[in-house]
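The values are calculated or read from the model by the stated rules, or taken from the named source; none is laboratory data. Since the model is a prediction, treat every value here as computed from it, not as a measurement. For neighbour counting, all protein chains shown are included, and Cβ atoms are generated from backbone atoms with ideal geometry for every residue, glycine included. These area figures cover heavy atoms from the full protein model, side chains too; ligands, DNA and RNA do not enter into them. Shrake-Rupley method; radii C 1.70, N 1.55, O 1.52, S 1.80 Å.
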Amino acid sequence: MGTATVNRPQRFWRFDAEAWRRRSREYRLLFRLLMKSPPAAVGLIIVLGYVAIVVYDQFFVPQNDVMIPNFSDTLPRAPFWWAGGTAAGGWFGTTNNGIDLGDAMLKAIRIDLLYSSFVVLFGALVGCFIGVVAGYRGGLFEAAFALGKRDFLTVNVILLALWWPTYARLVRAQTLSVRELKFVEAARAAGASDARIMLKHVLPNTLAPVFVQISLDLGVVTQIFAALNFIGFNAGNLFIPELGNLIVIGDQAGFTSYPWTVVMPGVVLLIFTVAVNLFGDGLRDVLDPRARR
């Protein structure tokens, strides 16, 4: 009597040690190629420096309200190294109402990067899911809404609603080509479910342009947050530690009389934006197969 063969369904997800080692080698190669580009290396180092500031402020600095006005010394003071500056101004000076710019910018970097990262990463996650499903199964997902309340949560939700379609288009375009490759056909013939094929075989091979877009979008979203707060989209609270608000406060003090009050937060914003763009451009060049020849 012959033995009946029982077809057991494949598990939805299984750790593949060999695939993990292969991807680890690819990531190490990617990092070495990235470090060979001086602009990309400089951009990465600066971005990591900003991330270190966020971690330092989050876990090692007391969470005090740095925007409380100092009514005993309301006039801005220049940094000690600025022309006419004194030791009382410290490294970065003070802005309108005697607010210490060093402490305020430390908090502002954390706030801007955390909110920007939330918008970009969550937008990328939503866009990747919608894009891979739309590319593999067909169909289109759309969403639109409007909110009237002016606060940071509203800004995040609006930007998130506007940001995910970019990633959805990127992943959908990649999925349309990846789904026709031999290894996807082999997985389908082996009885793998559509969800397993999309998550294990298709999605990992569509992420290269997503990583590039994330690196570029971080700088863009940070600028948007600063711009929205600069024009007054700040829930009526001018004294929130955010780079755009610090520029507004400095401008109210008088840019011509106290230029450092605008220059300092502006330079901090500019350096981060340039750094992420240098890193993103380098990453795009490395992920381009023609750059490896």
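Screening the candidates PHE183, PHE225, PHE239 for the property of being of a type in the set (A, V, I, L, M, F, W, C) and in a loop (DSSP other than H, G, I, E, B) yields one hit, PHE239. The number of residues in the stretch 199-221 that are open to solvent by 20 Å² or more (accessible area, probe 1.4 Å), over 14 Å from LEU125 (Cβ atoms) and at pLDDT 85 or above comes to 2. Within the stretch 16-50, if we keep just the residues that are among the charged types (D, E, K, R) and open to solvent by less than 80 Å² (accessible area, probe 1.4 Å), the residue that is farthest from the chain's Cα centre (by Cα) turns out to be ASP16. The set of residues in the stretch 243-259 that are open to solvent by 20 Å² or more (accessible area, probe 1.4 Å), within 21 Å of PHE272 (Cβ to Cβ), not β-branched (Val, Ile, Thr) and not in a loop (DSSP other than H, G, I, E, B) contains only ASP251. Scan the stretch 110-126 and tell me whether some residue there is without any contact (Cβ under 8 Å) to a residue 60 or more places away in the chain and over 30 Å from ARG172 (Cβ atoms). Yes, that holds for at least one residue. Residues of the stretch 222-232 that are open to solvent by less than 30 Å² (accessible area, probe 1.4 Å) and not hydroxyl-bearing (Ser, Thr, Tyr): PHE225, ALA226, ASN229, GLY232. Just the residues that are open to solvent by 10 Å² or more (accessible area, probe 1.4 Å) and either without any contact (Cβ under 8 Å) to a residue 40 or more places away in the chain or more than 26 Å from the chain's Cα centre (by Cα) (or both), please, taken from the stretch 93-109. If the condition is that a residue be open to solvent by 10 Å² or more (accessible area, probe 1.4 Å) and either without any contact (Cβ under 8 Å) to a residue 40 or more places away in the chain or more than 26 Å from the chain's Cα centre (by Cα) (or both), then THR94, ASN96, ASN97, GLY98, ASP100, GLY102, ASP103 are the ones that fit. So is ARG196 open to solvent by 20 Å² or more (accessible area, probe 1.4 Å), under 29 Å from VAL132 (Cβ atoms), modelled with pLDDT under 85 and not acidic (Asp, Glu) or not? So ARG196 does not fit the description; no. Pairing residues of the stretch 251-274 that are modelled with pLDDT under 85 with residues that are surrounded by 15 or more Cβ atoms within 10 Å (Cβ to Cβ) and not in a helix (DSSP H, G or I), at Cβ distances under 6 Å and at least 6 apart in sequence or on separate chains, gives ALA253/PRO76. In the stretch 51-80, of all residues being open to solvent by less than 60 Å² (accessible area, probe 1.4 Å) and outside any loop (DSSP other than H, G, I, E, B), the one that is modelled with the lowest pLDDT corresponds to ASP57.
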